[in-house]
Amino acid sequence: MKLSRRRSLRSADGGGSVDSRPIGMFDSGIGGLTVLHECLLAHPHEDFIYLGDTGRFPYGSRSIDELKAYAYQIASHLVGQDIKLLVVACNSATAAALPWLQEHMETAIIGAVHPGAEAAVQTTRSRRLGVMATVATVESGSYPRAVHGLDAGIRVFCQPCPDLASMIQNGDVFSREVVDAVSSYTEPLRQAGVDTVILGSTHYPLAAPMIQRALGKEVALVNSAEEIAREVGEVLERKDIDNNPGRQGDISFFCTGDVESFTEVGARFLQMPLDDVGKVELSELERIVLA
Ligand code: DGL
């Protein structure tokens, strides 16, 4: 039996308990680091385990069945590290697998779509909303579903951006190629007259200034990473699984692909050194199948 790191300490005044287990988080690559960044700002006292599935990147062109299998393998792997909460820091994996994953795992799971949809519904005044996302996310219909669950009268314009996450992941964010791609993906949204755009991939906040310039400053951008971090805070508080607020948290990084390039690109985007990135072998993950 696994020994849980959870300690239940009641202070003399009857204050809350302390749960020292880490929060697990995964993405297809480095995009989820935008979520990790927001979580480090909001929850600096928590420990995080981040896994980038770089060996199987990109997720955005994968089928729903592939994404479900990957999400289940990674979720099971992280749950095996005694995490207290799992954050699917990837819109494509969330769109394909979240409810299904929640049905099959014991651990609480937060996904990427709902937090951004909720913020966007609150932000839009014209009720004309744009979504920039991968093909997998757009085809799943997850964003229109989440938005219409909150306000059925909002017009949602989804723009697939097939190669944008790959360009960003390659580390080439400021190239002419990315500027041209952003300009062509934002044009239909400008034509549609949206006043709010959801950055529906965790990679896109890394190009947010460029996207904002292309859309114009009157369009509000919703950064799903910020909204996910806010929801993490709500879950920690409601379930009373916060770590001790007086401590400094720790982060462990893992990837399934090339460790050197993950370390290099990840450090650049997170603006901190990524020490001792561990490798998780795909052969190990692929042995995990739903019984
Ligand atoms: N970060 C992923 C997302 O949020 C997209 C990248 C990919 O295609 O793997 O959808």
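Readers should treat all values here as calculations from the given coordinates under stated rules, not as data from a laboratory. It should be emphasised that the depicted structure is a prediction, and the values quoted were computed from it without experimental measurement. All Cβ positions, even for glycine, are placed from backbone atoms using ideal geometry, and neighbour counts span all protein chains on display.
Just a few scattered comments:
- Nearest-ten-degree value, helix 33-42 long axis tilted from longest Cα axis of the chain: 60
- When the Gaussian network model of the chain links Cα atoms closer than 10 Å, the mean-square fluctuations of Pro58, Pro44, Pro99 top out at Pro99.
- Cα-based shape type of the stretch 209-277, given that a ≥ b ≥ c are square roots of the gyration tensor eigenvalues and the cut on a/c is 1.5: oblate
- For the stretch 23-88, a crude dipole built from +1 on the beta carbon of Lys and Arg and -1 on the beta carbon of Asp and Glu, taken about the Cα centre, is about 160 debye to the nearest 20.
- For the chain, the longest principal axis of the Cα atoms and the long axis of helix 64-79 meet at an angle of about 30 degrees.
- Only helices enter the 222 nm calculation for the chain: every DSSP H run of n ≥ 4 contributes -39,500 (n - 2.57), and dividing by all residues gives -13000 deg cm²/dmol, rounded to 500.
- Think of each Lys and Arg Cβ as +1 and each Asp and Glu Cβ as -1; about the Cα centre, that makes the dipole of the chain roughly 620 debye.
- Ranked from largest, the principal axis spans of the Cα set of the stretch 57-109 equal 31, 20, 15 Å.
- Beta-bridge orientation, the stretch 102-219: approximately 0 percent antiparallel, per DSSP, counting only bridges with both partners inside.
- Largest-first principal axis extents, alpha carbons of the stretch 176-291, Å: 46, 38, 37
- Residue of Thr256, Thr54, Thr123 that the Gaussian network model of the chain assigns the largest fluctuation, springs spanning Cα pairs under 10 Å: Thr123
- Shape call, the chain: gyration tensor on alpha carbons, a/c limit 1.5: prolate
- Shape of the stretch 87-211, Cα gyration tensor, a/c cut at 1.5: oblate
- Structural descriptor for the stretch 35-153: relative contact order 26 percent, calculated from alpha carbon pairs under 8 angstrom and at least 6 residues apart.
- Expressed to the nearest 5 percent, the antiparallel share of DSSP beta bridges inside the chain is 5 percent.
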